[in-house]
Structures are given as C-alpha cells and as structure tokens.
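This report refers to the structure that appears directly beneath it.
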Amino acid sequence: MPRFDPTEFGRLLARLSPQELRQVEGMVAEARERAEAVLEINARADVGGAAAACPRCGGGERIRWGRTRTGAQRWSCSGCGATWSGRSGTPLARVHRRDLVVALARDMIEAPQPMSCRRAAEVLGTSRHSVWRWRMTIIGALTPEPESTLAGIVEADEAHQRESRKASREWVRHRCDPANTPAPPRLRWEDYRRRGAASRTPPGGWRAWEKKPLAATDRAGHRAVEAIADAGQVAISGALLPVMAPDAVLCTDGHITYEAIAQDERIPHFVFVAGRRSKLTPRSHHINTVNALIGRFRAFMQTFCGPASKNLAAYGRWHAARDNADRSYRDVLRKLLASGHPTNTVC
Ligand SMILES: [Zn+2]
C-alpha cells in the first residue's frame, strides 16, 4: 500500500467536482465509523483494560500478534498461546459487520428519529432480524444513570404507557391447548377498540393496565427514564433516590408518594398541582422540563407501535441516552463492549 501523502491527497481533493466531494464525504464518514470502533475495541485490550489479560489462563504476559481482519490489534498469550483481541467476549465478538452495528448505534443515539428495523435493514443492507437483534443487544447494554447524576433542581414525574405483550404467543398457545394453557388475563388491545363494536373496558379498568416509567431530569440536561414496578413509594424511591444528588431539591406534581419520599429523606420539595405554582414558589422552580421530556418520550415510543412492556426499561434508558446532553454514541458503544457476551435470551 502506498504511503499516505497529505499534500498529494489535498491536491487530489481540489480537483474533485461537488458531486465527487459528496461521495468522498460519505466514504470518509464510513471509514471514521470503522476507525472509531477499532479505537474503542483496542482500548479495551490496552494495559488496565477489561481484556488486557489472557481470556483462557488469565496470564498478563503477552505479545502483539498482528491485526484482525477488521484492523483491531490481536494479542497472543506467552503462557498458553491463546490469541484474542479487544472484542473477544463482547457482544461484537461474532458479528461479521461490526461497522454496521456502529452505524446502527449512531443512528439510535444521534438521529432525530431513529430508523425502524426494516428501514435500517434497507439502509445498511442487512437483514431486519439482525438489526432487531443488534438493537436489543445495544439497548440491553444501557445501564441506569450513575449515582447522584441529577443535581440542583430535579423534576420527577411518571409517564404512562399501556401494558403490551407484543410478540407474545399466549393467545396462540391457549388456542392450541386450552386445557393446559390458561387464557391471558385480557383480550388483545385492538379487541377493545374495534370499530362498530360496543365500547368495552379491560378487566379492572384502563388504569389497571398502565405501566408508569419514572422520568426525572435536572436543569443541566441529565435525564433518567426508568421502568418501575408500580407507583408506590418503594418503587419510586428505589429508582429516583440513587440518581439524585443528596443536596438536590425536588419538584413534582405533588403526588402523595413524592410527598412521603421528600418527608422521609428530608428533601426540599416543591409541589405544582396541575403545573401551577403557589405565590411563595420561586420562579426558577417548575416541572416543565420533565413534562417536555415525557412528551418526547411518548412521541419516541409511538414510532414503535407499543413495544412489549418487558422491554420498557430498555426503551426508557435508550430514550434517556438519546436525550442526555452529555451522551454520545461512543459512550453507548463503550457500554456495549463492557456488557459481556450476549445470551440467547436477548432477542
Ligand atoms: Zn493464556
């Protein structure tokens, strides 16, 4: 391969037409994605990284052993002779087109509206099943916000999502074997809203089938959206208190649960019933930021047509990662590499 000469390259660029330049821009972006992924992978196997020691015998003595097909540094153990690279033992270990995974991660975090699985499969030139599997692996690797991330004025409220069992086989199994498989506790949602049918409500009312992810935000652009089991004090304080700095103040809609949490933890608490302030509340305190976050979360979720509730925690963290001011797709890539090898239950 000839040596890279920047002057010669610059001269070549100067001769290109606008159309050719656009082509080059696309090629450079693609190469950059590949290079950034290789940098992250190599960083994992650097001294002090998670993959610095031999994965077979745990020995620290190693020598460089060429590069992998994708350009990452390969290492060889001096003790047992095993070879490995920074992506061994990660979800990217057996992925042939990891550049496509990087492109998908970038779209998921940085695009104004992430592509659907089918659209992403078309754009990336791969199967929609691969895209779905990669997507679930990426969002499964997202962890809750670090402790005490939300500082200053913290606003918290619950979002409302209808319970969903998308892709569940419950009804199919029940119809195949009604004697041994009980019927699901409710009909499919579309059966309650069928046009022309008498209006019906699911057992226990609509409210009984709502999932309430907790959304919290501060004024510095940190977000947290966490799925909670119910709107009780234990669940909400379990999700909210770890991410809140101990000296933060809390603004909420005044739900009795938040009152109890604030009283128990001695947190300064400002209440906005239906978003309204009292005369004594400072103008700097409001719950508009969290309401906007919930609005964006609702719009974000709408595009997925009611994803299964078992994935709600993952979708919440995905949206928080997208909305977080100091989060980039490289953080997500780092989390993905640190998350260990995926199990078959991911998809
Ligand atoms: Zn070894």
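The values are calculated or read from the model by the stated rules, or taken from the named source; none is laboratory data. Everything numeric in this text was worked out from a predicted model, so none of it was measured. Using ideal geometry, Cβ is built from the backbone for each residue, glycine included, and neighbour counts are taken over all protein chains shown.
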Being over 26 Å from Arg298 (Cα atoms), in contact with an Asp or Glu (Cβ under 6 Å, 6 or more places away or on another chain) and surrounded by fewer than 16 Cβ atoms within 10 Å (Cβ to Cβ) narrows it down to one of Pro178, Pro184, so name that one. Pro184
Hey, among the residues in the range 232-253 that are loosely packed, with under 15 Cβ neighbours inside 10 Å and closer than 24 Å to Gly295 by Cα, which one's modelled with the highest pLDDT? Gly238
If a residue must be of a type in the set (D, E, K, R) and within 18 Å of Arg98 (Cβ to Cβ), how many such residues does the range 48-70 contain? 2
Within the range 240-254, tally of residues that are over 18 Å from Ser284 (Cβ atoms) and in contact (Cβ under 8 Å) with a residue 40 or more places away in the chain: 4
Checking Arg317, Arg283, Arg276 in turn, the sole residue that is crowded, with 19+ Cβ neighbours inside 10 Å and either free of Cβ contacts under 8 Å to residues at least 24 places away in the same chain or closer than 28 Å to Arg34 by Cβ (or both) turns out to be Arg317
Given the conditions (1) at pLDDT below 85; (2) closer than 25 Å to Arg317 by Cα; (3) more than 19 Å from the chain's Cα centre (by Cα), and given that Asp99 satisfies all but one, which numbered condition is not satisfied? (3)
The condition from (1) of a type in the set (S, T, N, Q); (2) loosely packed, with under 11 Cβ neighbours inside 10 Å; (3) within 29 Å of Arg322 (Cβ to Cβ) that Ser116 misses is numbered (2)
Residue match in the range 314-321 (condition: of a type outside the set (A, V, I, L, M), under 23 Å from Asp99 (Cα atoms) and touching a Phe, Trp or Tyr at 6+ places or on another chain (Cβ under 7 Å)): yes
Mind counting the residues in the range 51-69 that are in contact with a Lys or Arg (Cβ under 6 Å, 6 or more places away or on another chain) and within 16 Å of the ligand (Cβ to nearest atom)? 2
Of the residues in the range 107-121, those that are aliphatic (A, V, I, L, M) and under 14 Å from Tyr315 (Cα atoms) number 2
On the given criteria, is Arg135 under 17 Å from the mean Cα position of the chain (by Cα) and in the same structural domain as Leu92 (by TED's automatic domain parsing)? yes
Return the residues of the range 134-155 that are of a type outside the set (Ser, Thr, Tyr) and either at pLDDT 90 or above or touching a helix residue (DSSP H, G or I) at 6+ places or on another chain (Cβ under 6 Å) (or both); say none if nothing qualifies. Trp134, Arg135, Met136, Ile138, Ile139, Gly140, Ala141, Leu142, Glu145, Glu147, Leu150, Glu155
Scan Gly340, Gly254 and give me the residue that is under 30 Å from Ser85 (Cβ atoms), assigned to a loop (DSSP other than H, G, I, E, B) and small (Gly, Ala, Ser). Gly340
Would a scan of the range 24-40 turn up a residue that is outside any loop (DSSP other than H, G, I, E, B), in contact with a strand residue (DSSP E or B) (Cβ under 9 Å, 6 or more places away or on another chain) and more than 16 Å from the ligand (Cβ to nearest atom)? yes
So Thr303, is it in contact (Cβ under 8 Å) with a residue 24 or more places away in the chain, surrounded by fewer than 14 Cβ atoms within 10 Å (Cβ to Cβ) and among the hydroxyl-bearing types (Ser, Thr, Tyr): yes
How about the range 80-102: which of its residues are hydrophobic (A, V, I, L, M, F, W, C), surrounded by fewer than 21 Cβ atoms within 10 Å (Cβ to Cβ) and more than 16 Å from the ligand (Cβ to nearest atom)? Ala93, Val95, Leu100
